[in-house]
1. Starting from residues that are free of Cβ contacts under 8 Å to residues at least 60 places away in the same chain and assigned to a loop (DSSP other than H, G, I, E, B), keep the ones in segment 139-181 and report whichever is farthest from GLY126 (Cα to Cα).
2. Collect the residues in segment 233-248 that are part of a strand (DSSP E or B) and under 25 Å from PRO141 (Cβ atoms), keeping them in residue-number order.
3. Taking only segment 60-84 into account, find how many residues are closer than 14 Å to ALA361 by Cα, surrounded by fewer than 23 Cβ atoms within 10 Å (Cβ to Cβ) and basic (Lys, Arg).
4. I'm told LYS62 meets every condition in (1) in a loop (DSSP other than H, G, I, E, B); (2) out of contact with any strand residue (DSSP E or B) (no Cβ under 6 Å at 6 or more places or on another chain); (3) not aliphatic (A, V, I, L, M) except one. Can you identify the failing condition by its number?
5. Every residue in segment 109-137 that is closer than 22 Å to ILE306 by Cα and not in a loop (DSSP other than H, G, I, E, B), please.
6. Quick one: which of ILE146, ILE76 is within 30 Å of THR335 (Cα to Cα), β-branched (Val, Ile, Thr) and in contact with a Phe, Trp or Tyr (Cβ under 6 Å, 6 or more places away or on another chain)?
7. Any residue at all in segment 311-322 that is crowded, with 20+ Cβ neighbours inside 10 Å and over 21 Å from GLY206 (Cα atoms)?
8. Name the residue that is farthest from the chain's Cα centre (by Cα), counting only residues in segment 1-26 that are part of a loop (DSSP other than H, G, I, E, B) and at pLDDT below 95.
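The values are calculated or read from the model by the stated rules, or taken from the named source; none is laboratory data. Only a predicted model underlies this, so the values are computations on that prediction, with no experimental measurement involved. Cβ placement follows ideal geometry from the backbone for every residue including glycine, while neighbour counts extend to all protein chains displayed.
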Amino acid sequence: METTDITIIGAGVVGLSIASQVAQKNRNVVLVERHSGFGQETSSRNSEVIHAGIYYPEGFLKAKLCVAGNIMLYRICQENKIPYKQTGKLIVAVTEKQVPDLEDLLEKGKRNGVENLSLISSKKVGELEPHITACAALFVPSAGIIDSHRLMKFWETKAKDSGASIIYGCEVKSIEKISGGYRVGVNDSSGETFFFSTRILINSSGLESGNIAARAGIDIDEAGYRISYCKGEYFRVGGGKHKLAQRLIYPTPPKPGFVGIHTVPDLQEMMKLGPYDYYVDKINYDVDETNRELFYRSVKPFLPFIELEDLKPDTSGIHPKIQKPGEPIKDFIITHEEKRGLPGFINLVGIESPGLTSSPAIGSYVEKMVAGII
């Protein structure tokens with residue numbers, strides 16, 4: 001039976017970041033992905049926003065890793081010619097009643113270590129974005145957008161150059177604890193099953209992370225690891241209206257854990273709106289055209305130039321949430337499962353937004369965990 005030092009399950013943006021950072025010449029590292037290429041699920045179906053870290057409770061990994069990842073991402077992009085744009089973000093209050101909510105976000109962001117935040121007047125908003133409506137806004141200059149495909153390609157190349165093997169079209173079907181590690185059963189693209197052993201096993205499988213944890217023998221309901229699918233839909237802005245907002249424009253958050261439908265400029269200088277988030281039982285990426293009216297009504301108060309006929313269905317993605325509908329926001333789970341009798345098994349569960357922004361910091365965080373095991 002083949003033996004390896006470290007196996008990573010899942011070649012999304014987080015799994016690739018981990019692989020690129022744990023791969024070293026003296027380590028045998030394998031990354032296994034069930035799809036035919038990297039980033040086929042959540043990592044390629046999102047807004048590609050570089051978040052600042054203001055929405056998350058103080059002390060959460062989501063806050064710490066997002067703030068650190070934001071800084072790291074810009075440096076990685078600059079040093080490796082990965083396309084990005086530091087657009088900045090405006091979180092707008094349409095009514096005076098919403099201004100205290102912006103003040104709370106400002107203080108939360110400062111506690112999380114986000115720099116250069118400021119509450120600006122309607123006049124200043126008009127100078128930055130003359131076509132939007134706001135009586136005040138929280139200006140977040142460190143927010144931006146990134147080419148996530150190029151980022152993932154960079155990390156794939158870096159991992160391979162550091163000696164990692166990346167195997168696509170192979171799905172993990174079984175995990176058995178054995179002396180000194182784990183026996184992993186994998187189905188390849190032809191349906192054949194093969195087995196190998198690994199000293200360290202890292203679960204970074206996104207939408208499948210709960211199921212992988214269960215295959216390792218964890219009671220995912222007792223542990224709080226069961227994944228709920230939360231779908232996010234986007235509509236594209238046509239009619240030349242994409243030119244009327246240059247930055248990320250967000251509403252005051254409608255409820256805890258949701259940021260609301262906002263503008264999503266892209267690197268091709270076009271724009272979509274989204275996401276509209278709602279829980280689903282099954283994964284499908286269809287966009288419900290009947291939600292056009294909902295999108296229109298959501299953004300019209302702060303994007304007065306938008307008309308119903310400007311909106312066309314675009315794309316959708318699925319967040320792997322560990323909180324069920326109505327439950328409060330929960331943090332990333334990134335843990336070494338030694339206390340559950342699984343030494344060498346590192347679980348990453350519920351890595352949703354801001355997973356893309358946090359990805360370089362998550363890779364560094366996991367590398368430190370690996371260094372403490374090997």
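1. Among residues in segment 139-181 that are free of Cβ contacts under 8 Å to residues at least 60 places away in the same chain and assigned to a loop (DSSP other than H, G, I, E, B), the one farthest from GLY126 (Cα to Cα) is SER179.
2. As a first pass, look at segment 233-248 and keep what is part of a strand (DSSP E or B): 233-237, 248.
Of everything in segment 233-248, those that are part of a strand (DSSP E or B) and under 25 Å from PRO141 (Cβ atoms) turn out to be TYR234, VAL237, LEU248.
3. At the first step, the residues of segment 60-84 found to be closer than 14 Å to ALA361 by Cα are 60-76.
Still in the running and surrounded by fewer than 23 Cβ atoms within 10 Å (Cβ to Cβ): 60-61, 64, 68, 71-72, 74-76.
Next, from what is left, pick out any that are basic (Lys, Arg): 64, 75.
The qualifying residues number 2.
4. Evaluating LYS62 over (1) in a loop (DSSP other than H, G, I, E, B); (2) out of contact with any strand residue (DSSP E or B) (no Cβ under 6 Å at 6 or more places or on another chain); (3) not aliphatic (A, V, I, L, M) leaves (1) as the failure.
5. Residues of segment 109-137 that are closer than 22 Å to ILE306 by Cα, as a first pass: 122-137.
Result: SER122, LYS123, LYS124, VAL125, GLY126, GLU127, LEU128, ALA136, ALA137.
6. Values: ILE76 fails: in contact with a Phe, Trp or Tyr (Cβ under 6 Å, 6 or more places away or on another chain).
Of the residues listed, the single one that is within 30 Å of THR335 (Cα to Cα), β-branched (Val, Ile, Thr) and in contact with a Phe, Trp or Tyr (Cβ under 6 Å, 6 or more places away or on another chain) is ILE146.
7. Yes, segment 311-322 contains a residue that is crowded, with 20+ Cβ neighbours inside 10 Å and over 21 Å from GLY206 (Cα atoms).
8. The first filter runs over segment 1-26 and keeps only residues part of a loop (DSSP other than H, G, I, E, B), leaving 1, 10-12, 23-26.
After this cut, where a residue has to be at pLDDT below 95 as well, the list is 1, 24-26.
Numbers: MET1: 35, GLN24: 26, LYS25: 29, ASN26: 30 Å.
Looking at residues that are part of a loop (DSSP other than H, G, I, E, B) and at pLDDT below 95, I get MET1.
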